[in-house]
Amino acid sequence: MGGDFRMLLTMTDDVPREGITTTQRIGPWVVTMYRPIGFAAGGPQEIRVEPAGDADPQEIARGISSTVLRQIVTATPGELARQASEEPALDDLSDTLRRMPRGLSDEYLAFLSAVYVRVVEVGQRAPIQDLEQVTGTKQATLKGHLRAARQRGFLTKVEGRAGGQLTDKAHAVLKRVQPGGVTAEDAR
C-alpha cells in the first residue's frame with residue numbers, strides 16, 4: 001500500500017478538516033477513514049476503528065481481530081462507485097435467488113453466496129435469518145447450502161464467524177446468469 005497511513009483506535013481531535021470521510025460497519029466495529037482534499041490516489045491517511053453503539057460488549061472485549069482489519073475496504077469512493085455500478089444490487093440478487101429452481105446447482109450456490117456476502121457486508125448480525133426471509137428456506141437447510149458453496153469453491157471460509165468472500169468461480173457464474181435465473185446461453 002502506498003501513501004502515509006496511521007491507525008487511530010480513539011479519536012485524537014475533533015478539528016474539522018476538508019476532505020472525504022467514509023464509514024464502514026464490520027461486525028461490532030465502525031471504521032471511519034479520512035482522505036484530505038486532493039488526495040485522490042492510494043489508501044486513506046487515517047483509519048479509526050471504534051465499537052458501534054449497539055455492539056455486543058462481549059464481542060468488543062475480544063478486541064479488534066486481524067479478520068476485521070482485513071475486511072476494511074480502503075478503495076477510494078470513485079473506485080467503490082465503479083464497483084457498485086458493475087455489481088448487481090442486493091435486491092436484484094435476492095429477486096433472482098427467489099426465482100431460481102431449488103437444488104444445489106452452481107448458479108443457485110453462486111447467487112446464495114452473493115446474497116449472503118452482501119447481507120454480512122451491511123453488518124447484519126444474523127445473516128442466516130435474513131436469508132431465511134429472502135428465500136423461504138429453513139435456516140438449517142441454508143447452512144447446509146452455504147457449506148456446499150464453500151466446499152464447491154464459491155465462497156471462502158472465515159473461521160468461527162459469519163462471512164467470507166466470493167471466489168473468482170462465483171463471479172464467473174454470476175456474470176453468466178442473467179436476472180431471473182436465465183443463463184446468457186439461454187437468453188440467446
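Go through (1) in a helix (DSSP H, G or I); (2) at pLDDT below 80 and name the single condition Val117 misses. That leaves (2) as the condition not met. Within the range 120-139, the set of residues being assigned to a loop (DSSP other than H, G, I, E, B) and at pLDDT below 80 comprises Val122, Gly123, Gln124, Arg125, Ala126, Gly136. Listed by position, the strands (runs of 3 or more DSSP E) contained in the range 1-99 that have at least 3 residues being at pLDDT 55 or above and either open to solvent by 90 Å² or more (accessible area, probe 1.4 Å) or among the hydroxyl-bearing types (Ser, Thr, Tyr) (or both) are 19-26. In the range 140-158, the qualifying residues are those that are assigned to a loop (DSSP other than H, G, I, E, B) and touching a residue at least 40 places away in the same chain (Cβ under 8 Å), and the one that is least open to solvent (accessible area, probe 1.4 Å) is Phe154. Within the range 128-168, the set of residues being within 11 Å of Ala110 (Cα to Cα) and in contact with a strand residue (DSSP E or B) (Cβ under 6 Å, 6 or more places away or on another chain) comprises just one member, Ala149.
The values are calculated or read from the model by the stated rules, or taken from the named source; none is laboratory data. Just so it is clear, the structure is predicted and the values come from calculations on it, not from any experiment. Positions of Cβ are generated from backbone atoms using ideal geometry, with glycine treated the same way; all protein chains shown enter the neighbour counts. Quick note on the areas: whole protein, heavy atoms, side chains included, nothing else; ligands and nucleic acids left out. Shrake-Rupley method; radii C 1.70, N 1.55, O 1.52, S 1.80 Å.
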